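> Please see the structure below; I have some questions.
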Amino acid sequence: MYISDIITKISYLFIFYFLSYNINNAFTLDKRFLFEITQIESKIDSCRQIFSLNEYDLNQLSNFTIFGEETSFRYAITPCGLVPTDRCRQNTSPFEAGMTACQERLVGSTPSFQLAIGFLDGYGKPPNLEFSENTDGSVTGVTMMMRNARCNGGERTVKVVFICNENIKTPTEMNAVEFPACQFTLQIKAAGACPI
């Protein structure tokens, strides 16, 4: 037997041992990873953003439905999550899948569902979420743009400006403006909009 054959056999044994060890440990790791995946399966990867100096995770806001009013309309958004249908009033037809923001008409004594103003990526809609860091220097936070809802036959844009405010742990209100038509700006102050 040649020395090269011995080295080859030792190499095979080492590789076999290494693979066996890692396969046995992989099952233990998989259980841990499965638990972690289960914990975050409703989170949206794009809602975690890293910019030059700061990292944000807007998924921290996905448990809140935040409201804002403007003239005869009320807006509801669940950032990085699905807005509960009972927050958008009754509708004569089923809600579209993936709705993260809606508009209600506040005419009369009973507000009524007007339309969806924003959708999460997926759910049969084209990808549309775009993120940037607030750059005015006086505040930190993230801006999220949505462009996959329709408005009067054209594109609807929704600019959601998240502003870091450590004092607002449970956000419930936002400023909402539609100007010009079909272009919405929602401003939300929250601790969940602060760098992590």
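Rule-based calculations on the coordinates, nothing more; no lab input. Worth saying up front: this structure is predicted, and the values here are computed from it rather than measured. Ideal geometry is used to build each Cβ from the backbone, glycine not excepted, and the neighbour counts take in all protein chains shown.
> For region 158-196, list residues with backbone N below 20 Å from a point placed 7 Å from the Cα of Arg105 toward its Cβ?
The answer is 177-179, 181-184, whose backbone nitrogens lie closer than 20 Å to the label point.
> On to the next question. I'd like the FRET efficiency for Ile196 and Leu115, computed as 1/(1 + (r/R0)^6) with the beta carbon distance as r and R0 of 35 Å, rounded to 0.05.
After rounding to 0.05, the efficiency reads 0.55.
> How many percent of Cα pairs in region 109-196 exceed 16 Å?
Counting pairs separated by more than 16 Å, the tail of P(r) holds 60 percent.
> Only sites in a loop by DSSP and with at most 10 other Cβ atoms within 10 Å count here; which GluC sites (Glu not before Pro) in region 149-196 make the cut?
Glu166
> Taking only the C-alpha atoms, wrap a convex hull around region 139-184 and report its volume per residue in Å³ as a whole number.
Convex hull volume per residue, Cα atoms: 88 Å³.
> Testing the spin-label approximation: label points 7 Å from Cα along Cα→Cβ at Glu155 and Glu55. State their distance in nm.
Going from the Glu155 label point to the Glu55 one covers 3.2 nm.
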